[in-house]
Amino acid sequence: MRLCVPFAVTASFLSLGLEWDLNVRLHGQHLVRQLVLRTVRGYLETPQPDKALALSFHGWSGTGKNFVARMLVENLYRDGLMSDCVRMFIATFHFPHRKYVDLYKEQLMGQIRETQQLCHQTLFIFDEAEKLHPGLLEVLGPHLERRAPEGHRAKFAWTIFLFLSNLRGDIINEVVLKLLKAGWSREEITMEHLEPHLQAEIVETTDNGFGHSRLVKENLIDYFIPFLPLEYRHVRLCARDAFLSQELLYTEETLDEIAQMMVYVPKEEQLFSSQGCKSISQRINYFLS
């Protein structure tokens, strides 16, 4: 059996790679930087983990959830998303029809089992997690439970599950806006301000099965990580990075023009970009045409 060896499993490498990416390439997400690096590094340092690491990313579209997931993949695996040890599922793409949910369950269980047998470190990403059928969420439950000392731990040593969702991003924004209006600086906002509200609202959500799944009810998810809404200054930085990634020249005025093209909310304060940093590349193309 071929064993898939990840590109990095040590805390020292993560400090050089993932920490640099989170500090330099990710904007406006100090909580994400702190928590993702600490939890992933700590998990990979554990000689015999007794459960998979499960992180649930929540926030508005364009705030960096997929971006951070890609950073993890790129720093942990030489082949990135092309690695045999990484599987990414998009709910509406991979599991689009409710009538085929039994087939999807079998396929998903088989893909997880196959990947874990192939690799001693695996990463599974579920985008649009709030749109996953309840049956699929139940299938994932046993993979996130704590394992007994015997079991398969020597064989399936490290497994990371990432759930990406827009679910209750509005609650994150409401709490952040309230704190900012009360005089707090953005960097003073802590997980204690946000995670309890976020988790409670997810549980009470009635229009999807995520909050009522075993994953949430039985505390199988280790952290609900909030992605804060992005402000004008963050959008400018995203625009700058987009120019640099394409090796294009820019001016400060151009960055302002691009940032001003975005829609900001709430209506009175106009503080948060409604699309985060999404569509920045397309807006740059407008200036190049």
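Can you spot a residue in region 168-176 that is open to solvent by less than 10 Å² (accessible area, probe 1.4 Å) and assigned to a loop (DSSP other than H, G, I, E, B)?
No, every residue in region 168-176 fails to be open to solvent by less than 10 Å² (accessible area, probe 1.4 Å) and assigned to a loop (DSSP other than H, G, I, E, B).
Going by what's in this entry, would residue 99 be described as in a helix (DSSP H, G or I), surrounded by 14 or more Cβ atoms within 10 Å (Cβ to Cβ) and of a type in the set (Lys, Arg)?
In short, no.
What pairs come out if I take residues in region 27-45 that are touching a residue at least 12 places away in the same chain (Cβ under 8 Å) and pair them with residues that are part of a helix (DSSP H, G or I) and hydroxyl-bearing (Ser, Thr, Tyr) whose C-beta lies under 9 Å away, six or more apart or interchain?
Hits for this filter: 37/15; 41/15.
Being under 17 Å from residue 275 (Cα atoms), touching an Asp or Glu at 6+ places or on another chain (Cβ under 9 Å) and modelled with pLDDT of 95 or more: is that true of residue 164 here?
yes
State which residue is most open to solvent (accessible area, probe 1.4 Å) when the search covers only region 80-94 and only residues that are free of Cβ contacts under 8 Å to residues at least 40 places away in the same chain and more than 22 Å from residue 137 (Cβ to Cβ).
82
Looking at region 43-65, which of its residues are under 15 Å from residue 28 (Cα atoms), open to solvent by 10 Å² or more (accessible area, probe 1.4 Å) and touching a Leu at 6+ places or on another chain (Cβ under 9 Å)?
60, 62, 64, 65
Out of the residues in region 103-119 that are touching a Cys at 6+ places or on another chain (Cβ under 8 Å) and part of a helix (DSSP H, G or I), which is least open to solvent (accessible area, probe 1.4 Å)?
Filtering region 103-119 for residues that are touching a Cys at 6+ places or on another chain (Cβ under 8 Å) and part of a helix (DSSP H, G or I), the one least open to solvent (accessible area, probe 1.4 Å) comes out as 115.
For region 177-199, give me the residue count where each residue is loosely packed, with under 13 Cβ neighbours inside 10 Å and either outside the structural domain of residue 133 (by the TED database) or assigned to a helix (DSSP H, G or I) (or both).
Selection size over region 177-199: 6.
Can you pull out every residue in region 120-150 that is β-branched (Val, Ile, Thr) and open to solvent by 10 Å² or more (accessible area, probe 1.4 Å)?
139
Of the residues 27, 58, which is at pLDDT 95 or above, under 20 Å from the mean Cα position of the chain (by Cα) and farther than 30 Å from residue 209 by Cα?
27
Does any residue in region 250-273 that is on the phi > 0 side of the Ramachandran plot come within less than 7 Å, Cβ to Cβ, of a residue that is open to solvent by less than 50 Å² (accessible area, probe 1.4 Å) six or more places away or on a different chain, and which pairs are these?
Matching pairs, first to second residue: 270/264.
Tell me which of these residue 71 doesn't satisfy, since it passes every other one: (1) buried (at least 18 other Cβ atoms within 10 Å of the Cβ); (2) touching a Cys at 6+ places or on another chain (Cβ under 7 Å).
Every condition holds for residue 71 apart from (2).
The values are calculated or read from the model by the stated rules, or taken from the named source; none is laboratory data. Keep in mind that this is a model prediction, so the values were computed, not measured. As a convention, Cβ positions derive from the backbone with ideal geometry for all residues, glycine included, and neighbour counts pool all protein chains shown. These accessible areas exclude ligands, DNA and RNA; they are computed on the full protein's heavy atoms, side chains included. Shrake-Rupley method; radii C 1.70, N 1.55, O 1.52, S 1.80 Å.
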